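Input: a single structure, listed below in structure tokens.
Computed from the coordinates by the stated procedures, all read-outs in this text should not be read as laboratory data. Quantities reported herein were computed from a predicted structural model and do not represent experimental measurements. Here the Cβ is made from the backbone with ideal geometry for all residues, glycine too, and neighbour counts use every protein chain on show.
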Amino acid sequence: MELKVDENLMFYLGHVMKLFGVMMTRQFEEADVEISFHDWIKLFIIKEKEHVIQKDIAEVSGIHKTTLTRSIDFLESENYVIRQQDEHDKRQNKLILTEKGEIIVKKYKHILIDIQSTMLKGITEDELTNTKMVLNKILINFQSDCCKE
């Protein structure tokens, strides 16, 4: 297989993610949101998933554990989240949104919805389903290859 930059899927994915970040940052700055979109996304993940621990966010977002710990420390210090020891596994802390965290997720969720709507303009449900299936296979391939011992 010949490698051409303009035909390589990873370059397309990287470009899409970069533009997503630019759009989210711009929208958050225009809305004068008090936290970064990166931190908001973490709050959104906590809101959408029940019984979330830091490891779950790291897996979903691809953020390194130490970077994530600093970010969660910040969100906790600003009263957006609390850590609560898991009753079943005392070594783990569940992350729970505070009322302030719930409010900020709800207040700015429309930004994510609007950007996703822009991103998916002209894409059919079938195309989206197929894209998700292909990306999931790529993710599984990477995970199985990365996690070999």
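Give the shape of the chain as rounded, prolate or oblate, defined through the alpha-carbon gyration tensor: a ≥ b ≥ c are the square roots of its eigenvalues, a/c under 1.5 means rounded, and otherwise the shape is prolate if a/b is larger than b/c and oblate if not. The partial results should precede the final answer.
On the way: a/c = 2.07, a/b = 1.32, b/c = 1.57.
In terms of gyration-tensor shape, oblate.
In nm, to one decimal, how far is the residue 32 label point from the residue 141 one, both placed 7 Å along Cα→Cβ?
4.8 nm
Calculate, in nm to one decimal, what residue 56 and residue 78 gain on full extension: separation in residues at 0.36 nm each, minus their alpha carbon distance.
Taking residue 56 through residue 78 to full extension adds about 5.8 nm, to one decimal.
Between residue 20 and residue 120, what is the label-to-label distance in nm when each label sits 7 Å out along the Cα-to-Cβ direction?
Distance between label points: 1.2 nm.
Can you sort 120, 95 so the residue with the fewest Cβ neighbours within 10 Å comes first? If you can, show how the numbers build up before the last one.
Details: 120 13, 95 24.
Taking fewest neighbouring Cβ atoms as first place, the list is 120, 95.
May I ask which residue of 116, 24, 64 lies farthest towards the positive end of the charge dipole of the chain, with charges of +1 (Lys, Arg) and -1 (Asp, Glu) on Cβ and the Cα centre as origin?
Comparing the listed Cα positions along the dipole, 64 ranks first.
Could you identify which residue out of 80, 108, 12 has the top mean-square fluctuation in a GNM of the chain using Cα springs shorter than 10 Å?
Residue with maximal mean-square fluctuation among 80, 108, 12: 12.
When the Cα centres of region 58-80 and region 88-123 are compared, how far apart do they sit, in Å?
Each part reduced to its Cα centre gives a spacing of 14 Å.
Note down the magnitude of the dipole of region 5-117 about its Cα centre, charges +1 on Lys and Arg C-beta and -1 on Asp and Glu C-beta and zero elsewhere, to the nearest 20 debye. Spell out each step's value before the answer.
Values: 16 positive and 20 negative charges, 53 e Å.
Dipole size: approximately 260 debye.
Mind sorting 41, 113 by how few other Cβ atoms lie within 10 Å of their own Cβ, fewest first?
Numbers: 41 17, 113 10.
So the ranking, lowest neighbour count to highest, is 113, 41.
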